[in-house]
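Just below is one structure, and these are the notes that go with it.
The values are calculated or read from the model by the stated rules, or taken from the named source; none is laboratory data. Note that the structure is predicted; figures quoted are calculated from it, not measured. All Cβ positions, even for glycine, are placed from backbone atoms using ideal geometry, and neighbour counts span all protein chains on display.
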């Protein structure tokens, strides 16, 4: 800090530099960032007309100066005031102040900073192709399930169709809405008015569709896992209950829980964290997803990413995994032919439930670990793994719930596909069971 006076002073001047502002607790200025707020105190035997002081903000690549105010401490108001102070900005970026002061005063420059966010880039073509294939596979699966619902009898059409619907909407929202269209890059302009900022972190009011996309992404992703868990519960009732078929009350309860529970979680997340003047309490700035880190850029369990997504997801995955492990144990114990080539309806249901509960869960857990990972090498590895797993999700559901049942029920489709014909000669081979026996069995190979 440089301090000069408007006229020469021949008497003693005393200065005290406070390394922090613990003795000057302001009511109007609330700091939230880990920035140093030093205060300089001057004790003069003679009052100068005007005192000039300048501060050069510390170079920090993660933050940039948005605005500042020139102030001194008022003991009568017990707060910082700007009366009699004006501010200037030099070409070098230094913050300058000129204040008319009394004999004893405590000066400060209250600064508000912008965080330099690293906005996410446009989706890679691998992600776009993978999501597009998943959308096509899910749409085809939903149509097949609806068209063949009567012929399949007790098959859980309602659950599978709703899983496909929620996943499809999520994929489309992810493709078109994950990137934040409103980016605050180099938009700060230091104002000429000397007004005390509300905080050392400048906050932009909500604008654009990013918050809406975040809420929809949260809703449909939670809905996907909720319907997946309901599918596991349905499998449990089908193969563990005393009566055959799904109970009549289950479809209505499933509709209420499958679409209602995610709405409750999203409503609590929005109502408790979102403010129009502070949208980053609910979502992130870099991309349209739930807030997960505090102002120190460390993961926080107080943010909605943890209790509004990770915690409900963990409970659902544990429930689905427990149901599948329970059935795998019981079936392997009672049916030794489960691991043979003979296909059973029960095995098909277990495989279908396994692909939805385990495969789907693992891929999205890796995906959201990726969103909060900052180490470059690990981020690259997780990106590749997530893209590969995400690409196969919709395709795998299509194979298990549409293509495979269709081929099993229509074997003529496979018979109509012929391999290239190769001319073979017919030969007869005679095998004797016993050399002493005159009877013989002949096996004739054909060119089929």
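Listed values, structure above:
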{"read-out": "Of residues in the range 196-234 being over 19 Å from residue 164 (Cα atoms) and assigned to a helix (DSSP H, G or I), the one nearest to the chain's Cα centre (by Cα)", "value": "214"}
{"read-out": "Test: residue in the range 125-145 that is in a loop (DSSP other than H, G, I, E, B), in contact with a helix residue (DSSP H, G or I) (Cβ under 9 Å, 6 or more places away or on another chain) and in contact (Cβ under 8 Å) with a residue 12 or more places away in the chain", "value": "no"}
{"read-out": "Residue tally, condition in contact with a helix residue (DSSP H, G or I) (Cβ under 7 Å, 6 or more places away or on another chain) and not in a loop (DSSP other than H, G, I, E, B), over the range 277-309", "value": "7"}
{"read-out": "Failed item, numbered, when residue 193 is tested on (1) under 20 Å from the mean Cα position of the chain (by Cα); (2) without any contact (Cβ under 8 Å) to a residue 24 or more places away in the chain", "value": "(1)"}
{"read-out": "Residue in the range 37-53 that is closer than 18 Å to residue 192 by Cβ, surrounded by 12 or more Cβ atoms within 10 Å (Cβ to Cβ), outside the structural domain of residue 189 (by TED's automatic domain parsing) and at pLDDT 75 or above present", "value": "yes"}
{"read-out": "Members of the range 7-32 that are touching a strand residue (DSSP E or B) at 6+ places or on another chain (Cβ under 7 Å) and either surrounded by fewer than 12 Cβ atoms within 10 Å (Cβ to Cβ) or at pLDDT 65 or above (or both)", "value": "14, 15, 16, 17, 18, 21, 24, 26, 27, 28, 29, 32"}
{"read-out": "Residue that is modelled with the highest pLDDT, among those in the range 310-327 that are touching a helix residue (DSSP H, G or I) at 6+ places or on another chain (Cβ under 7 Å) and over 25 Å from residue 219 (Cβ atoms)", "value": "324"}
